[in-house]
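> The structure's right below; bear with me while I get my questions together.
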C-alpha cells in the first residue's frame, strides 16, 4: 500500500508495515506454538506442581455430606452405559483355573478378610441411583448396589494410619488408589449389582468399585483386592498423566 | 498529542490474559473432543446441532486428554488471578467508567455500525472507546466470569452441587461453558481483526502505553482497511503534492 508511494509511515520509530507484520507474526507464532502440541517439555514440572497444589484445594473442598443426586427428569443410561476394560477381551474370572472368586481386604488393618460374593451380599446393602462422570465429559445415570467401603473399613478395623486405599483388579493389572476420605464417602460402594441385576462381565463382574464422587477411571472394575495403605499407590491412568485425585 | 493511554497493570494483565485464554481455549477444545457432544448417555440433547463432530485438531492444545486437562487445571489459576487483578484495578483506578454501559450506547452503536456500513460518512464522536468497542470490552469480563463459574460447576458437580444446579445441572453447565467459550472466541477474533484493520496504532499503546490521539480512528475517520494513515497527512498530500509532518497538537 504505502511502500510505493514514498516514505513509509513511521510509528514511534517503527515503520507501519514492520509494525503490522511483527505484531501479526507474534500472534501467529503463538497460535502455531499452541497448535496440536503437548506444549513445551519444560512445562511438565510446572504442570505437576499445579496438580499437587490442586490436590490440596480439592481435598479441602471435599465434604462427606456432599452427595450426588441425579437431576430431576433425567433418564437412566440403561444399556447405553459404555463398557470399558484394558484387557483385549472382556475379563472373566475363570473359576476352574483360579478357584472361587474372593475379594481380599488387606493392608493396615486389624482383621484381614477374604470375602466371597455371598459374604459381600450379606454385608449391609445400599443402592444409589447416581451419575457416572467420565473424564471424557459424558455422564450416565445408573443404580448401583453393594456395600459401602466405609462399612468394609469398619469390619476389617482399618488403622488410623491408613490414609489411602488401593483397589486392585484382575483386568490386566488395572488399579487405582484413593484418598481415605473419598473411599469412605457414603456413596463409595463395592458394587455387585447394576440396575437391580448382578453385574455382568462387561461392567466389572463379579464386583467393582463405584463412587460418583470421582471420575470413572478411578472406579476399578473386576475387583480382587482392597488394600489399606499409608501412602498413595498411583493407578493405571494416574501413572500415565491423568490426575490422581480426580474428585468431582 | 501523545499520552499514556494504558496503565502498566492493564498492559500486563492484557498480555497475560492473551496467553491464558489461548491455552485455556485450546486445551478446552482438546478436552471437548474426548466427547464432542452434550447428551447424557441414553438421552438426546436438544440444543446442539453438531453432536459428535470434533473441533479441528489444529485448534487444540495439550496433545491428548490428560495433557489438555493438566494444562487447563493449571492455567485456570493464572486466568482467575490475572482476571481478578484486572477487575480490581479497573474498579479502584476508575477505568470502569470507560467500560460500563450507559444510556445512549445503543444509539451510538447503531451509529458506529452505520458508519462501518458506509451509510454515514463521518466517524461518530467517541470517548476513549467507541460504543461497539466499549460493549465488547464490557462483555469480555462478563463472559469470563461466566466461564469461571460454569467451569467450577463442571469441575466439581458433586462438591459444588448448588452451583452446578444453578446452571441447570452438569450437562447444561458443560453446555454453557462451551457456549461462553465460543462467545469469548468470537469477541476476541473480532477484537483482533478490528485492531489490525482499524487501529493498528493501538497495539503500541498496549505495549508501551503511549497513544497518539491524532492517529485515533476518529481522527483518521477509519473504517476496516480504510484510512489507515493519518487524515491530516493525506489531506496535505492532496493539496500540496508533498508530504508534510502532521500538524502539531
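Bear in mind these aren't lab numbers, they're just calculated from the coordinates by the rules spelled out. Since this is a predicted model, take the numbers as computed values, not measurements. Ideal geometry is used to build each Cβ from the backbone, glycine not excepted, and the neighbour counts take in all protein chains shown.
> Take residue A:78 and tell me if it is in contact (Cβ under 8 Å) with a residue 24 or more places away in the chain and within 25 Å of residue A:177 (Cβ to Cβ). Steps first, please.
Values: in contact (Cβ under 8 Å) with a residue 24 or more places away in the chain: yes; within 25 Å of residue A:177 (Cβ to Cβ): no.
Considered against the rule, which asks whether it is in contact (Cβ under 8 Å) with a residue 24 or more places away in the chain and within 25 Å of residue A:177 (Cβ to Cβ), residue A:78 comes out as no.
> Based on this model, can you work out whether residue B:79 counts as part of a helix (DSSP H, G or I), touching a residue at least 12 places away in the same chain (Cβ under 8 Å), within 14 Å of chain A (Cβ to nearest Cβ) and within 25 Å of residue B:5 (Cβ to Cβ)?
Numbers: part of a helix (DSSP H, G or I): yes; touching a residue at least 12 places away in the same chain (Cβ under 8 Å): yes; within 14 Å of chain A (Cβ to nearest Cβ): yes; within 25 Å of residue B:5 (Cβ to Cβ): yes.
Yes: the conditions hold for residue B:79.
> Taking the options B:87, B:106, name whichever one is away from every other protein chain (no Cβ under 14 Å) and either outside any helix (DSSP H, G or I) or over 18 Å from the mean Cα position of the chain (by Cα) (or both).
Working: B:87 fails: either outside any helix (DSSP H, G or I) or over 18 Å from the mean Cα position of the chain (by Cα) (or both).
Just one listed residue meets the conditions, B:106.
> Here's another thing I want to ask about it. Tell me, which residue of region A:70-81 that is part of a loop (DSSP other than H, G, I, E, B) and within 7 Å of chain B (Cβ to nearest Cβ) is surrounded by the fewest Cβ atoms within 10 Å (Cβ to Cβ)?
That would be A:75.
> OK, next. Being within 15 Å of the chain's Cα centre (by Cα) and farther than 23 Å from residue B:156 by Cβ narrows it down to one of A:171, A:151, A:166, so name that one. If you could, list the steps in order and put the result at the bottom.
Details: A:171 fails: within 15 Å of the chain's Cα centre (by Cα); A:151 fails: within 15 Å of the chain's Cα centre (by Cα).
Testing whether each residue is within 15 Å of the chain's Cα centre (by Cα) and farther than 23 Å from residue B:156 by Cβ leaves just A:166.
Results for (1) under 20 Å from residue A:150 (Cβ atoms); (2) buried (at least 19 other Cβ atoms within 10 Å of the Cβ), shown as yes or no for each residue.
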{"position": "A:183", "(1), (2)": "yes, yes"}
{"position": "A:186", "(1), (2)": "yes, no"}
{"position": "A:191", "(1), (2)": "yes, yes"}
{"position": "A:199", "(1), (2)": "no, yes"}
{"position": "A:220", "(1), (2)": "yes, yes"}
{"position": "A:223", "(1), (2)": "yes, yes"}
{"position": "A:227", "(1), (2)": "yes, yes"}
{"position": "A:236", "(1), (2)": "no, no"}
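> Also, quick follow-up: I need the full set of residues from region B:13-64 which are more than 9 Å from chain A (Cβ to nearest Cβ), farther than 15 Å from residue B:182 by Cα and surrounded by 18 or more Cβ atoms within 10 Å (Cβ to Cβ), in order please.
B:13, B:17, B:20
> Scan region B:183-192 and tell me whether some residue there is crowded, with 17+ Cβ neighbours inside 10 Å, in contact with a strand residue (DSSP E or B) (Cβ under 9 Å, 6 or more places away or on another chain) and assigned to a helix (DSSP H, G or I).
no
> Checking the structure you have, find out if any residue of region A:153-173 is within 14 Å of chain B (Cβ to nearest Cβ), in contact with a helix residue (DSSP H, G or I) (Cβ under 6 Å, 6 or more places away or on another chain), surrounded by 19 or more Cβ atoms within 10 Å (Cβ to Cβ) and not in a loop (DSSP other than H, G, I, E, B).
Just the residues of region A:153-173 that are within 14 Å of chain B (Cβ to nearest Cβ), to begin with: none.
No - not one qualifying residue is present in region A:153-173.
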